[in-house]
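Chemist: My structure is below; once you've seen it, I'll send some questions.
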Amino acid sequence: MSNESLSTSVNKNFVMKLSVNVLVTLIGVAFFIASFDVARGFQQIVGADEYSRFISVLLIVFGAMGIGRSILDHRKGLFDGQDLKIFTDMRRAGFPILMLFSLLVINVYLIRRIGYFESGFLFMALAIFFLGERTARRVVTSVLFSAGITVIIYIVFGVMLNIYLPRGLFIN
């Protein structure tokens, strides 16, 4: 088999789209399995485990539909030719997407360690700073904006609605 026939039989756009859909499906399966360890929240009619199961089932269904669609599109020859627009856009916006995903993972990790409001403040401040110009003025702007949003969220959810959010180092 020559290289030409190999490259036409396996299209990089098909492999990329199929991989993304398989990843979405696997994340859905992992969420579904993890949902059995979620405890019921305080004074909730519908438990927190049911929310995560609903989202995981949606991920599994949409991932499986995407896998099927990718296979059908590959058989019809729709992946031949130019790159898919979404993948060229993702390559162009690679750093911001990677930075936001990393900050989100760190935020989720820090919620239980330093508190919801503190980790949310750090997430917003760093996200605003990294997604714009990295200047001293931008640091001040991101810190002030994040502090304002954090105070608003605290007043609305913590004081007015009296919703429990993981307390932290400074806000108890």
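Chemist: Going through LEU100, LEU122, LEU104 one at a time, which residue ends up being in contact (Cβ under 8 Å) with a residue 12 or more places away in the chain, surrounded by fewer than 14 Cβ atoms within 10 Å (Cβ to Cβ) and part of a helix (DSSP H, G or I)?
Modeler: Working: LEU100 fails: surrounded by fewer than 14 Cβ atoms within 10 Å (Cβ to Cβ); LEU122 fails: surrounded by fewer than 14 Cβ atoms within 10 Å (Cβ to Cβ).
On inspection, the qualifying residue turns out to be LEU104.
Chemist: Only one of (1) basic (Lys, Arg); (2) assigned to a helix (DSSP H, G or I); (3) at pLDDT below 75; (4) under 30 Å from ASN162 (Cα atoms) is not met by ARG91, so which one is it?
Modeler: Here ARG91 clears every test but (4).
Chemist: Right, here's the next one. Kindly provide the set of residues from segment 130-167 that are closer than 23 Å to ILE97 by Cβ and not hydroxyl-bearing (Ser, Thr, Tyr), ordered by number. Don't jump to the end; show me each part of the working.
Modeler: Filtering segment 130-167 down to residues closer than 23 Å to ILE97 by Cβ leaves 130-135, 138-139, 141-142, 145-146, 149.
Those that are closer than 23 Å to ILE97 by Cβ and not hydroxyl-bearing (Ser, Thr, Tyr): PHE130, LEU131, GLY132, GLU133, ARG134, ARG138, VAL139, PHE145, ILE149.
The values are calculated or read from the model by the stated rules, or taken from the named source; none is laboratory data. The shown structure was predicted, so the numbers you read here are calculated from the model rather than taken from an experiment. Using ideal geometry, Cβ is built from the backbone for each residue, glycine included, and neighbour counts are taken over all protein chains shown.
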